[in-house]
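The values are calculated or read from the model by the stated rules, or taken from the named source; none is laboratory data. Not measured: the values here are computed from a predicted model. Note that each Cβ is placed from the backbone with ideal geometry, even for glycine, and that neighbours are counted across all protein chains shown. For the accessible areas, the whole protein counts, side chains as well, though only heavy atoms, and no ligand, DNA or RNA atoms are used. Shrake-Rupley method; radii C 1.70, N 1.55, O 1.52, S 1.80 Å.
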Amino acid sequence: MRGKKGVRHPNPDDPPRRRANKRRGHGNFANDRPPVVGVVSRDTGAIVLEVVERTDQETLIAVVTEHADDGATVYTDEWSGYARLSAEGRGHATVNHTPGQREWARDDDGDGIREVHDNTLEGLWAALRTFLRPFRGISKHYLHQYVAVFQWAYNKVGVAGMVRTLLGLPLSTPTAS
């Protein structure tokens, strides 16, 4: 029997699951927070997303080396899971998001363009969450299928086109003649 709003749960050893599973730290498949990892091409804008068991260094390196060409520069945050990328034949530049640094983008070569950032992927996670929100909870066993649909739609028509398709609107507005 579940407790009602404002009434304590009868068995403190078996509490109800916290809303939205807001546990801190990195999730994994076992704790009902399956991670999604991704790679975005800065040349083409194409994305590759994968639902993985965990976000350990071996998993992240495997995904990046599979989907990023040798010699490509990979831009990430400072998390240690990415530390071995340079040894795998990839260039690696990081931004430091920690509270003391609060760095979001950096211009390393002095040309006035802040090329070191991971904002593209950060924005992609926001778009994925927005895409998943109407489904109001997805089984972790089927999450990879939803992610695959998002990836397909993003690569085919982009986020705006995907939203227009889902709403039944034309992909472009007719031009006035």
Legend entry - Separation in nanometres of the label points that stand 7 Å from Cα toward Cβ, at residue 43 and residue 57: 2.9 nm
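Let me know the shape class of segment 99-177, please: from the alpha-carbon gyration tensor, a ≥ b ≥ c as square roots of the eigenvalues, rounded when a/c is under 1.5, otherwise prolate if a/b is greater than b/c, or oblate. All intermediate terms of the calculation are to be shown ahead of the outcome.
Values: a/c = 2.94, a/b = 1.34, b/c = 2.20.
It comes out oblate by the Cα gyration axes.
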Legend entry - Sequence of 8, 33, 84 from largest to smallest accessible area, 1.4 Å probe: 8, 84, 33
Inset, instruction - Determine the sum of side-chain charges near residue 79: Lys and Arg each +1, Asp and Glu each -1, restricted to other residues whose C-beta is under 15 angstrom from that of residue 79. - result: -4
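For the chain, what is the accessible area per residue in Å² when the probe is 1.4 Å? It would help to have the intermediate numbers written out before the result.
Values: 12520 Å² over 177 residues.
Per residue, the chain has an accessible area of 71 Å².
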Inset, instruction - Measure off, as a whole percent, the carbon and sulfur share of the 1.4 Å-probe accessible area of the chain, all protein chains present. - result: 51 percent
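Give me the number: length gained by fully extending residue 115 to residue 165, i.e. 0.36 nm times residue separation minus the C-alpha to C-alpha distance, one decimal in nm. It would help to have the intermediate numbers written out before the result.
Values: separation 50, 0.36 × 50 = 18.00 nm, distance 3.21 nm.
Once the chain is fully extended between residue 115 and residue 165, it gains 14.8 nm.
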Inset, instruction - Report residue 82's accessible area, 1.4 Å probe, all protein chains in place, as a number in Å² to the nearest 10. - result: 50 Å²
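Ranked from the most accessible area to the least, with a 1.4 Å probe and all protein chains present, what is the order of 140, 156? Mind dumping the intermediate values first?
Values: 140 50, 156 135 Å².
Result, largest first: 156, 140.
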Inset, instruction - Amide H neighbours of residue 97 under 5 Å, at least 5 residues apart or on other chains, H built in the peptide plane: list them. - result: 78, 103
Inset, instruction - Would you kindly derive the ³J(HN,Hα) couplings of segment 92-104 from the backbone phi angles with the Karplus curve 6.51 cos²θ - 1.76 cosθ + 1.60 (θ = phi - 60°), listing them in order in whole Hz, with x for Gly and Pro? - result: 9, 10, 10, 10, 9, 8, 4, x, x, 9, 6, 9, 10
Legend entry - Solvent-accessible surface (1.4 angstrom probe) belonging to residue 78, in square angstrom, nearest 10: 80 Å²
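As a test, work out the antiparallel percent of DSSP beta bridges whose residues both lie in the chain, rounded to the nearest 5. Please report the intermediate quantities before stating the final value.
Working: 7 of 12 bridges.
The answer is about 60 percent antiparallel.
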